[in-house]
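S.K.: Take this structure first; my questions come after.
The values are calculated or read from the model by the stated rules, or taken from the named source; none is laboratory data. Quick caveat: nothing in here was measured; it's all calculated off a predicted structure. Neighbour counts are summed over all protein chains in view; Cβ atoms, including those assigned to glycine, are modelled from backbone coordinates with ideal geometry. Surface accessibility is based on the protein's heavy atoms, side chains included, excluding ligands, DNA and RNA. Shrake-Rupley method; radii C 1.70, N 1.55, O 1.52, S 1.80 Å.
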Amino acid sequence: METSLQQLQHALGDRLVTDPELIAPYAIDTSRAVPAGTPLALVLASSTDDVSAALAWAHEHGTPVSVRGAGTGLAGGAMAYDGGIIVSLERMNRIVRIDAANRLAVVQPGVITAKLDAACREQGLFFPPDPASARICTVGGNIATNAGGLRCVSHGVTTDSVAALEVVLADGRVLRAGALTRKNVVGYDLKSLFIGSEGTLGVITEATVRLKAVPPGTPRTFRASFDTLEDAGRAVTAIVGGPAQPEVLELMDALSVEIIESFHPSGLTVPRGAMLVGQTVGLDAEEKARAITATCSAHGATDTGISDSDALLEARRLSNPALNARGLKISCDVGVPVAALAEVFRGIAEISERHGRRVSTVAHAGDGNLHSTVEAPDTPEGIALADLVIDDITKLAISLGGTISGEHGIGSLKRHELPWQLDPVALDVQLAIKAALDPRGILTPGRAI
C-alpha cells in the first residue's frame, strides 16, 4: 500500500497529506459521530483532476473514501474511515462566473453559501438556498444533502436551484449532467440522482445553480408569541394556507428562546410556549406582515410585532451553537406535513414528559421541518436515553406522514432509521443504483443508504 500511495503522491504532490496531525481536523465533522479509525491520507483537492486521480486510485485499491467540504454536517456523513482517504474540497472555492442574463452561477463545491449569495446580490440577484449555517457551510455540501433552510418555504430546497453538475464517479471518470436551459428531458435525470446522495454515488466538483432577482422594497420581519406550541402550530397552518405568504417562517419554542437569549443577548422576550419569527419581501412586505400577524392573533398569539431589523432571524440562526453550548447535542431532523404541526408538537410534549427529559424544538415551520434537541447528561447512559427520545420523535413524525430527515441527511447517525420510512423494495433499488455506480463500494460506504 505504501508503494501504491507513492504513486498517488506523484500525481498529487503536496496536495496529498499523510501527517496524522494535519489529517486529524479533517477526519471529523460537526456531528457527535466518532471516527472509525485512522485514515491513510488526506487529499487537498484543488481541481477536478485531483479528485479524479484520487478516486481512480481508491477504486483500483478498494480503499474507502470520505468526502468533506466545510465539515458542518450534523449526521456523521463526512467522518473518516480506518485505512481510508479523505477527499477535501475546501480549496475548490472559486465562483467561476455569475451569468446575470441567464440568472445562473457556476461555482466550485467549496464556495461558502453566504459568500455566493453576497456576490450575486452585487448584481441584483440572490442564491435561494439559505441554511441556518449559510455563513460556514458550502454549496457542495448543500447539494450533497439537498439542504433546505430558512427560505425553503418560499423558494424550495437546494435541488430546486441546481441546473447542472460536474461529478467525478467512483472510478475517476467525470460525468456532466443537467443543462443550462429550463426545459431538459433528454435521458434520465442524472443530475437529480446525485443531489442528496451524500457522497455515495460521486463527488461533485462543479455546480451550475439558478439565481433569482432580489425583490424590490424593504423586507419586514415579524414576530408572534404564543402560550402553547399547539397554538403556534395552528397559526403556521393558517399562514401557509392563506393569501399573504412569507419568505421565511420559523419557530422557536420557549426553551430554545431562553437558551439563545442566554447565549447571545438581543432583547428577546421568552414566550410561555413558542415564538414565530419570519420575513416578508416585495413592495407589499408591510401589508403581508400585518396580515400574517393578524392571523397569528386570531390563532392565540399574545403579542406580535413588525420591524425592518433582521435581529430576530439572526437569533434563529444561532440556535444550533447556542444549544450545543448548553450541552444539547442529541438532535433530530424530521419533517411533517404543515397541517400536522399542532399534533406533532403535542406528541413531542408527551414524549418529553414520558421520558423525563426536556426537549427543545426549533423549526422551519413554514415547510414542517423540525429540529428537536434533547437535554441529557454527557454519559453513555444519558446519551442512550436521549437517543430513545429522538427515536420516539422520529417515529411520531413518520406516523403523521412525515420523514426521518428534512435536510441534514442520513449519514451514519440516522441509518438505523431507514427501514422505518423506506420499504424493502425502495431500499433494494437504492442499493442497486449504488452498486451500479460504485461497484467496489469505496464512496462513503455504510452511510446514507
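S.K.: Does at least one position in the stretch 429-436 carry a residue that is within 20 Å of residue 68 (Cα to Cα), charged (D, E, K, R), surrounded by 22 or more Cβ atoms within 10 Å (Cβ to Cβ) and under 23 Å from the mean Cα position of the chain (by Cα)?
M.R.: Looking through the stretch 429-436, none of the residues is within 20 Å of residue 68 (Cα to Cα), charged (D, E, K, R), surrounded by 22 or more Cβ atoms within 10 Å (Cβ to Cβ) and under 23 Å from the mean Cα position of the chain (by Cα).
S.K.: I need the full set of residues from the stretch 43-79 which are under 17 Å from residue 18 (Cβ atoms) and among the hydrophobic types (A, V, I, L, M, F, W, C), in order please.
M.R.: 43, 44, 45, 53, 54, 57, 58, 65
S.K.: Further question: Within the stretch 342-363, which residues are assigned to a helix (DSSP H, G or I), under 16 Å from residue 403 (Cα atoms) and touching a strand residue (DSSP E or B) at 6+ places or on another chain (Cβ under 8 Å)?
M.R.: 344, 345, 348
S.K.: Restricting the search to the stretch 1-31, which residues are within 30 Å of residue 330 (Cα to Cα) and in a loop (DSSP other than H, G, I, E, B)?
M.R.: 27, 28, 29, 30, 31 - these are the residues of the stretch 1-31 that are within 30 Å of residue 330 (Cα to Cα) and in a loop (DSSP other than H, G, I, E, B).
Residue-by-condition table, conditions (1) surrounded by 19 or more Cβ atoms within 10 Å (Cβ to Cβ); (2) touching a helix residue (DSSP H, G or I) at 6+ places or on another chain (Cβ under 8 Å); (3) more than 28 Å from residue 378 (Cβ to Cβ):
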| residue | (1), (2), (3) |
| --- | --- |
| 305 | no, yes, yes |
| 308 | no, no, yes |
| 326 | no, yes, no |
| 344 | yes, yes, no |
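S.K.: Which count do you get for residues in the stretch 149-161 that are under 20 Å from residue 136 (Cα atoms) and either part of a loop (DSSP other than H, G, I, E, B) or of a type in the set (Val, Ile, Thr) (or both)?
M.R.: The initial filter retains those residues of the stretch 149-161 that are under 20 Å from residue 136 (Cα atoms), namely 149-152, 157-159, 161.
Now narrow it down to the ones that are either part of a loop (DSSP other than H, G, I, E, B) or of a type in the set (Val, Ile, Thr) (or both): 150-151, 157-159.
Residues flagged as under 20 Å from residue 136 (Cα atoms) and either part of a loop (DSSP other than H, G, I, E, B) or of a type in the set (Val, Ile, Thr) (or both) within the stretch 149-161 amount to 5.
S.K.: Could you say which residue among 386, 376 is within 23 Å of residue 30 (Cα to Cα), modelled with pLDDT under 95 and part of a loop (DSSP other than H, G, I, E, B)? Show your work before the answer.
M.R.: Details: 386 fails: part of a loop (DSSP other than H, G, I, E, B).
Just one listed residue meets the conditions, 376.
S.K.: List every residue pair whose Cβ atoms lie under 7 Å apart, where the two residues are 6 or more positions apart in sequence or sit on different chains, the first residue falls within the stretch 95-121 and is closer than 13 Å to residue 140 by Cβ, and the second residue, located anywhere, is open to solvent by 50 Å² or more (accessible area, probe 1.4 Å) and part of a helix (DSSP H, G or I).
M.R.: none
S.K.: Further, regarding this structure: Please state which one of 132, 224 is part of a loop (DSSP other than H, G, I, E, B), under 30 Å from residue 289 (Cβ atoms) and in contact with a strand residue (DSSP E or B) (Cβ under 9 Å, 6 or more places away or on another chain).
M.R.: 132
S.K.: A further question follows. Say we look at the stretch 151-180 and pick out the residues that are in contact with a strand residue (DSSP E or B) (Cβ under 8 Å, 6 or more places away or on another chain) and polar (S, T, N, Q); which of these is modelled with the highest pLDDT?
M.R.: Residue satisfying both the conditions and the ranking: 161.
S.K.: Now for a different question. I'm trying to understand the selection: among the residues of the stretch 324-341, which are closer than 13 Å to residue 362 by Cα, modelled with pLDDT under 95 and assigned to a strand (DSSP E or B)?
M.R.: 331, 333
S.K.: Would you please name the residue that is nearest to residue 349 (Cα to Cα), looking only at residues in the stretch 255-270 that are in a helix (DSSP H, G or I) and among the polar types (S, T, N, Q)?
M.R.: 256
S.K.: Restricting to the stretch 82-113, give me the number of residues that are within 21 Å of residue 42 (Cα to Cα) and open to solvent by less than 30 Å² (accessible area, probe 1.4 Å).
M.R.: 11
S.K.: A follow-up question, please. Checking the conditions here, which among 419, 445 is open to solvent by 20 Å² or more (accessible area, probe 1.4 Å), farther than 19 Å from residue 201 by Cβ and at pLDDT 95 or above? Write out each step before concluding.
M.R.: Working: 445 fails: farther than 19 Å from residue 201 by Cβ.
Testing whether each residue is open to solvent by 20 Å² or more (accessible area, probe 1.4 Å), farther than 19 Å from residue 201 by Cβ and at pLDDT 95 or above leaves just 419.
S.K.: If a residue has to be in contact (Cβ under 8 Å) with a residue 12 or more places away in the chain and assigned to a helix (DSSP H, G or I) to count, how many in the stretch 279-320 make the cut?
M.R.: Of the residues in the stretch 279-320, 22 are in contact (Cβ under 8 Å) with a residue 12 or more places away in the chain and assigned to a helix (DSSP H, G or I).
S.K.: Look at residue 217 and say whether it is at positive phi, assigned to a loop (DSSP other than H, G, I, E, B), in contact with an Asp or Glu (Cβ under 8 Å, 6 or more places away or on another chain) and not basic (Lys, Arg).
M.R.: Yes: the conditions hold for residue 217.
S.K.: Condition check: of a type in the set (Val, Ile, Thr), in contact with a strand residue (DSSP E or B) (Cβ under 8 Å, 6 or more places away or on another chain) and either part of a loop (DSSP other than H, G, I, E, B) or modelled with pLDDT of 95 or more (or both). Does residue 34 satisfy that? Step through it out loud before you land on a result.
M.R.: Values: of a type in the set (Val, Ile, Thr): yes; in contact with a strand residue (DSSP E or B) (Cβ under 8 Å, 6 or more places away or on another chain): no; either part of a loop (DSSP other than H, G, I, E, B) or modelled with pLDDT of 95 or more (or both): yes.
Here the answer is no, as residue 34 does not meet what is asked.
S.K.: While we're looking at this one, here's another question. Within the stretch 182-229, restricting attention to residues that are of a type in the set (S, T, N, Q) and open to solvent by less than 40 Å² (accessible area, probe 1.4 Å), which residue is farthest from residue 113 (Cα to Cα)?
M.R.: 225
S.K.: Taking only the stretch 267-323 into account, find how many residues are small (Gly, Ala, Ser) and closer than 12 Å to residue 252 by Cβ.
M.R.: Number of matching residues: 6.
S.K.: Across the stretch 364-373, what is the number of residues that are assigned to a helix (DSSP H, G or I) and of a type in the set (Gly, Ala, Ser)? Walk me through how you get there before you give the answer.
M.R.: In the first step, residues of the stretch 364-373 are kept if they are assigned to a helix (DSSP H, G or I); the result is 365-367.
Next, from what is left, pick out any that are of a type in the set (Gly, Ala, Ser): 365-366.
Of the residues in the stretch 364-373, 2 are assigned to a helix (DSSP H, G or I) and of a type in the set (Gly, Ala, Ser).
S.K.: If you don't mind, another one. Would it be correct to say that residue 37 is without any contact (Cβ under 8 Å) to a residue 60 or more places away in the chain, open to solvent by less than 60 Å² (accessible area, probe 1.4 Å) and not aliphatic (A, V, I, L, M)? Break it down stepwise before answering.
M.R.: Working: without any contact (Cβ under 8 Å) to a residue 60 or more places away in the chain: yes; open to solvent by less than 60 Å² (accessible area, probe 1.4 Å): yes; not aliphatic (A, V, I, L, M): yes.
So residue 37 passes the test.
S.K.: Give the residue that is surrounded by the most Cβ atoms within 10 Å (Cβ to Cβ), with candidates limited to residues of the stretch 162-181 that are under 25 Å from the mean Cα position of the chain (by Cα) and assigned to a loop (DSSP other than H, G, I, E, B).
M.R.: Once the filter is applied, the top-ranked residue is 170.
S.K.: Another question about this same structure. Take the residues in the stretch 367-392 that are small (Gly, Ala, Ser) and within 16 Å of the chain's Cα centre (by Cα); name whichever of them is nearest to residue 149 (Cα to Cα). Explain how you work it out, then say what you get.
M.R.: Start the filter on the stretch 367-392 by keeping residues that are small (Gly, Ala, Ser), which leaves 368, 372, 376, 382, 384, 386.
Filter again for within 16 Å of the chain's Cα centre (by Cα), leaving 368, 372.
Details: 368: 11, 372: 15 Å.
Out of the qualifying residues, it is 368.
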